[in-house]
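One structure is given below, encoded as structure tokens.
The values are calculated or read from the model by the stated rules, or taken from the named source; none is laboratory data. Model, not experiment: these values are computed from the prediction. Cβ sites come from the backbone with ideal geometry, for glycine too, and all protein chains shown count toward neighbours. All accessible areas refer to the heavy atoms of the entire protein, side chains included, with ligands and DNA or RNA removed. Shrake-Rupley method; radii C 1.70, N 1.55, O 1.52, S 1.80 Å.
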There are 10 protein chains.
Amino acid sequence: MDKLEMRHTLLAAKARKQLSWEAIGSAVGMSPVWVASACYGMNSASHEVAHKLCDVLGVDSEAADALKAFPTKAWDEAIPQDPFVYRLYEVVGVYGETLKDVVQEKFGDGIMSAIDFTMEVDKVEDPKGDRVLLTLSGKFLPYKSW
Amino acid sequence: MDKLEMRHTLLAAKARKQLSWEAIGSAVGMSPVWVASACYGMNSASHEVAHKLCDVLGVDSEAADALKAFPTKAWDEAIPQDPFVYRLYEVVGVYGETLKDVVQEKFGDGIMSAIDFTMEVDKVEDPKGDRVLLTLSGKFLPYKSW
Amino acid sequence: MDKLEMRHTLLAAKARKQLSWEAIGSAVGMSPVWVASACYGMNSASHEVAHKLCDVLGVDSEAADALKAFPTKAWDEAIPQDPFVYRLYEVVGVYGETLKDVVQEKFGDGIMSAIDFTMEVDKVEDPKGDRVLLTLSGKFLPYKSW
Amino acid sequence: MDKLEMRHTLLAAKARKQLSWEAIGSAVGMSPVWVASACYGMNSASHEVAHKLCDVLGVDSEAADALKAFPTKAWDEAIPQDPFVYRLYEVVGVYGETLKDVVQEKFGDGIMSAIDFTMEVDKVEDPKGDRVLLTLSGKFLPYKSW
Amino acid sequence: MDKLEMRHTLLAAKARKQLSWEAIGSAVGMSPVWVASACYGMNSASHEVAHKLCDVLGVDSEAADALKAFPTKAWDEAIPQDPFVYRLYEVVGVYGETLKDVVQEKFGDGIMSAIDFTMEVDKVEDPKGDRVLLTLSGKFLPYKSW
Amino acid sequence: MDKLEMRHTLLAAKARKQLSWEAIGSAVGMSPVWVASACYGMNSASHEVAHKLCDVLGVDSEAADALKAFPTKAWDEAIPQDPFVYRLYEVVGVYGETLKDVVQEKFGDGIMSAIDFTMEVDKVEDPKGDRVLLTLSGKFLPYKSW
Amino acid sequence: MDKLEMRHTLLAAKARKQLSWEAIGSAVGMSPVWVASACYGMNSASHEVAHKLCDVLGVDSEAADALKAFPTKAWDEAIPQDPFVYRLYEVVGVYGETLKDVVQEKFGDGIMSAIDFTMEVDKVEDPKGDRVLLTLSGKFLPYKSW
Amino acid sequence: MDKLEMRHTLLAAKARKQLSWEAIGSAVGMSPVWVASACYGMNSASHEVAHKLCDVLGVDSEAADALKAFPTKAWDEAIPQDPFVYRLYEVVGVYGETLKDVVQEKFGDGIMSAIDFTMEVDKVEDPKGDRVLLTLSGKFLPYKSW
Amino acid sequence: MDKLEMRHTLLAAKARKQLSWEAIGSAVGMSPVWVASACYGMNSASHEVAHKLCDVLGVDSEAADALKAFPTKAWDEAIPQDPFVYRLYEVVGVYGETLKDVVQEKFGDGIMSAIDFTMEVDKVEDPKGDRVLLTLSGKFLPYKSW
Amino acid sequence: MDKLEMRHTLLAAKARKQLSWEAIGSAVGMSPVWVASACYGMNSASHEVAHKLCDVLGVDSEAADALKAFPTKAWDEAIPQDPFVYRLYEVVGVYGETLKDVVQEKFGDGIMSAIDFTMEVDKVEDPKGDRVLLTLSGKFLPYKSW
């Protein structure tokens, strides 16, 4: 079973069981965003988490092997088209240079890691319209001189 | 004075005055990220804020007119090259589909606005290496049916 | 049933039943353009509308589930090739900057939403050749300062 | 004076005179959108309109010659980046195929002209947020068989 | 039967019947170039012509329905690779600007329609090497001011 | 004087002298389309024609040297944007495969030369709207086997 | 049988028979490079050569029909990736402008035909490392003035 | 003096002195193609050759330093547009795969070097039209296993 | 069996046998990186090594024939997306010009061969985090003058 | 002084002083590759190193400020053209997937950092042709689960 089949299997099971990412995350002791990314095939799970995930979703252990495999990460569109994803791309385009300056002023020359990295999604209720709150946390990596 | 000249003028003044974005933001009553993006030419300022900014940076009021102008937002590279900005692009590529699913499960069919949108940068000290904390807040916009 | 199968099913049923988008729209209480876009897989329908649509077209309820699913919106060609669609792209290229200036002069710095958005098509008869009238209505979203 | 210089001259004059596109359009007897597009260099003006425009804006007749020249229409970005213009591009991507079907069902096989074409911008006040109304009118051109 | 299947069916029937485009065109009362483009799926035929074409080629009426369908026109390569087609692309690249100037000098600001458009192919025998004669005829469309 | 300067010089002289391409072509004994392409820098002229052209336009002989130079032919946009030129590109996209089939059926396997090639523009008056007639003539080049 | 199937059939037969391109070329009286390109689907063969080729390779005459068909020439990668082919592309990039100058100095304004064109491959033994000798011969085509 | 200035200087001197590449090559004891490529800035010359070249062309020794510099090789168009250069690109596209097969059958798995590489241009007179003969010689480099 | 099937067969066998690249390399007397690249289809193996590899992995000799075939090397993404591979691409972007200067200063004008080339991977344990050591060795190829 | 001016200044000074990267590196106590990349504008230097570098090269302290500035890293060509740099790109294309597998087998799921990263160049003399030895060392970063 490759990552693509795994993804179809897991998403179908999730729909059948009518479980939310929060419920699944909480059942396996991981964050909802990470759990979703593992099911989408964009992260590998430990042996233990992979099996817990399969138990919660009621799928057999072939999917656990696929969850444990190290993924080759790829996306279809260099410039995303779906409006949800495009807005994130636009944020990177509009604010990328600004963020680089603000972060490097605080931390020195370096980057925010996308590997030693976590992300959370929250809903902030607001009478003028609820807000999506994305929290990204990445280790700062200073450039090495040698 | 167009946005590009304005940007050179303001960044040079900032360097000369040795002011941080935090200090400038706090002096004009706005967030450091927003202030930086306005100085980079990616947002327009109100009359009042534009003039405060020019006062703080010690530049004349021609720059204030440029700060008030509505920008045409553009970026040089459809796929960013600088490692700092690329890592953000990579996050959108790797996690875009995941975030869409997690957010839409919570909020329904729609997007997180990149217009009614704010962003903060924080430094989280950590003995294993300090972390960059980015907090993005965007209004959820449900798709309209008609 | 995914959006692609749904689309084939619904368009085939529409052809079989010889119903126009206007007739279908009127039967389900929605606009013809929105109904067509939902059948093409570019918008999600409410439970009620999805089932009405399936009734009108005489297809079973599996299609209704697909109509309710939140779509990932994508298009094949970054620069469209079909002459009908290309002309719209050309209008955006030729008049985009002009529209930005005219709209922002009237409304301030911000955009016209493509999410809180509706569109209608009308036929205007004219002895020199009938005209297509497209009416686009989008909520104005002012940029937030923070 | 080429179209680019003309544009700088005319936009600077407009700013100096603090005239809106509506005021200019009404002074020269043309629509605000068309007037703006001519000043941006995307349409040619008749001798009479070109001279009226120069009078209204207080610029000399060299600009009138440039306004009368037939433009080579071009835009910088095949996929627009400014959020205002991108949203229009997104509408074409998301709804292009839908519009083709709805229009061709009403008119037969053919296209909506982008040459025999007019466009208006209106502001619709709304307590939930004002709306931008774009009205596009293009002659329907049936494909010729031969 | 979609346009792609139709095309395979019609081209195979043409090969089987050993009919030239001239012979087919003459049998159905249309030009060889138009008939070929309809069989390739790039134009829609009237009810009458579609059925005549199917009779001439000896295929059943399902193909006639496909011939009547309004095509979505697309081509595989933005820059063509086959040397025959590339040479036409090269002509547009090398002479496009020249043709625009020569035509607009004669007709005013506007374009040659690719919709109200016909094209013929002739063979001109020549002892130094036969020549291909392409004749393109398109309605001139003046830009509208409004 | 390179081709670009030459072009500016010659087009300015043409405007000053208010000569049409037809008048210039007839004065130098060449076709209007070829003359225009040489002035645009897309073809080289013989010594004699180059000097006649400079005489007719009243420019000095430095331009004649530039007219005689062998050009490097290039165009700005792989996919043209100006509507006049785009329509020609669209014709190549929509009809390229059709033309290849119709021509090769008549001539055998080979191409129409874009080098041993001529082109004319005519205006065909028509009460329903004047038509642009483009006539392209290229030597047929059969593929060599060896 | 289309060109792709033909190619698989012929290359498999060649491998089975353990024949070199030289041996096949010599058996059918054509050059090895041309024979290989015909088997790869990039050139059409005469009736006689097509049948000889099928005899030599021991495949049935359906392949001969495919060999006689006029190919649509296309390649997968606008910029080749395989190192063998890339080096040729690099030669065109590095030396293209140089070759144009050297050839046009000798021949006048024009091109080397890629249609009336032949090519040979030879092996030149050399103690410092054998060398590949490619010999390209193309008819010179002077640009036509008209 | 960088390579670009050097190139303008050397080509202008060559035009002034009315020397052919053959004459220059023969004067400095190198091949005409190599000499041209060095003057175009695509190869570096030895100290001795650089000074000879400057003597022959009558330019001062600053150009010799530029000729000796190691170039960064680049070309403007990934897909060339000038018809002369495009035909070479087309040859690589059409025959690249064929050449790889023919060469590797003769030499084993490896490539023809574009570094240990020479090229000659010859004119072959022919009553049916003169032919350009390009001779490319590159060392065969076998892939290393390790 | 083509290279793609071969790859699936060999990687599946490797997983089944739970052999590391080091173990396989050592069993067949080749480097782990080379062995992996041959199994991925990016290098051809000698008869002897191909058969040893199949023995070690317990697959039949059809795979050995595929291992011996000369590959057409290609990769999916001109700009890689997987973070592991992207970082290598970034290194080439950031340091390519630097390496060219440092290497050419030491060796003269030329390149490092990617054909006569070997590569090793080592793990360097480090309390602050283990390090990946990549060692690339390529023959220096001086540019030839001629 | 921006990074571009700094680079011109420092490279000119290096040429004038006839210093090698090794000599400069050794004088400032840093590696030759790192020193070159800092002078090319691709890394920032510490206060101390920046001043030492300026001393060694005999340039004034404005360049030291530019050396200390945090660079925006960018490169001109997404697919490099210079043969030296292209070969490195080709290595990433051909071996990227292989390296990912070999490294992740040794280290687990993660990447080799391009930030906590060093690189050395050595010359290995060899009678069959000297070899370039590139040694890349990057910290292994395991993907975080959360």
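Other chains near H:19-26: what is the mean number of their Cβ atoms within 10 Å of each residue's Cβ? Display every interim value, and only then the final one.
Numbers: counts 0, 3, 5, 3, 0, 0, 2, 0.
That average works out to 2.
Using a 7 Å offset from Cα along Cα-Cβ at D:ALA23, what residues in region D:40-83 end up with backbone N under 16 Å from the label point?
Of the residues in region D:40-83, D:53-59 have backbone N under 16 Å from the label point off D:ALA23.
Using a Gaussian network for chain E with springs between C-alpha atoms less than 10 Å apart, which of these wobbles most: E:VAL49, E:VAL33, E:VAL91?
Between E:VAL49, E:VAL33, E:VAL91, it is E:VAL91 that shows the largest mean-square fluctuation.
Rounded if a/c is under 1.5, else prolate if a/b beats b/c, else oblate: with a ≥ b ≥ c from the C-alpha gyration tensor eigenvalues square-rooted, which is the protein assembly as shown?
Values: a/c = 1.15, a/b = 1.00, b/c = 1.15.
Judged from the Cα gyration tensor, the protein assembly as shown comes out rounded (a/c under 1.5).
Find the centroid of the Cα atoms in region J:123-146 and in region D:110-146, then give the distance between the two in whole Å.
Here the two parts' Cα centres lie 59 Å apart.
Relative to the longest principal axis of the C-alpha atoms of chain J, give the angle of the C-alpha long axis of helix J:3-17, reported between 0 and 90° and rounded to the nearest 10°.
Roughly 70 degrees, rounded to the nearest 10.
Rounded to a whole number, what is D in µm²/s for region I:1-112 from Stokes-Einstein with the Kirkwood radius over alpha-carbon pairs (37 °C, 0.692 mPa s)?
For the chosen part, D equals 206 µm²/s.
Using the heavy atoms of the protein chains and a 1.4 angstrom probe, tell me the accessible area per residue for region E:53-146 in square angstrom.
I get 35 Å² per residue for this part.
Would you please name the GluC sites (Glu not before Pro) within region A:3-50 that are DSSP coil residues with at most 12 other C-beta atoms within 10 Å of their C-beta?
Hits after loop and neighbour filter: nothing returned.
To the nearest 10 square angstrom, how much accessible area does G:LYS68 have with a 1.4 angstrom probe?
Surface open to solvent at G:LYS68 totals about 70 Å².
Report the FRET efficiency, 1/(1 + (r/R0)^6), for D:LYS123 and F:GLU5, where r is their Cβ-Cβ distance and R0 is 45 Å, rounded to 0.05. List each step's numbers first, then the result.
Details: r = 48 Å, r/R0 = 1.07.
Step by step, r from the Cβ atoms, then E = 0.40.
Return the long-range amide H neighbours of D:GLY110 (sequence gap of 5 or more, or a different chain), with a cut-off of under 5 Å between placed amide H atoms.
Long-range HN contacts for D:GLY110: D:TYR143.
When the solvent-accessible surface of protein heavy atoms is calculated with a 1.4 angstrom probe, in what order do G:THR9, C:THR118 fall, highest first?
Correct descending sequence by accessible area is G:THR9, C:THR118.
Ignoring ligands, DNA and RNA, how much accessible area is buried between chains E and F, both sides summed, with a 1.4 Å probe, to the nearest 100 Å²?
6900
Check cross-link reach from E:LYS52 to the aspartates and glutamates: straight Cα distance under 14 Å, and skip same-chain residues fewer than eight apart.
E:ASP60, E:GLU62, E:ASP65
Sort I:LEU141, C:LEU4, B:LEU53 by accessible area with a 1.4 Å probe, largest first.
The ranking, largest first, comes out as C:LEU4, I:LEU141, B:LEU53.
Averaged over peptide C:6-18, how many Cβ atoms belonging to another chain are found within 10 Å of each residue's Cβ?
Mean shielding by partner chains, rounded to a whole number: 0.
Of the heavy-atom accessible surface of chain F (probe 1.4 angstrom), what whole percent is carbon and sulfur?
Values: 2800 of 5570 Å².
So the carbon and sulfur contribution to the accessible surface is 50 percent.
At a 1.4 Å probe, which residues in region B:35-71 are at least 10 Å² less accessible with all protein chains present than in their chain isolated?
B:ALA36, B:SER37, B:TYR40, B:MET42, B:ASN43, B:SER44, B:PHE70, B:PRO71
Per residue, what volume in Å³ does the Cα convex hull of region F:83-142 take up?
In region F:83-142, the Cα hull volume divided by residue count equals 111 Å³.
Can you tell me the orientation of helix A:83-107 relative to chain A, as the angle in degrees between its alpha-carbon axis and the longest Cα principal axis, to the nearest 10?
50
Which value, in debye to the nearest 20, gives the size of the charge dipole of region G:3-68 about its Cα centre, when Lys and Arg are +1 and Asp and Glu are -1 at the Cβ?
Working: 7 positive and 7 negative charges, 39 e Å.
The dipole magnitude comes to about 180 debye.
Magnitude of the Cβ-charge dipole of region F:83-142, K/R +1 and D/E -1, about the Cα centre, nearest 20 debye?
The dipole magnitude comes to about 60 debye.
Note the per residue figure in Å³ for the convex hull of the C-alpha positions in region C:3-68.
Spread over its residues, the Cα hull of region C:3-68 gives 63 Å³ apiece.
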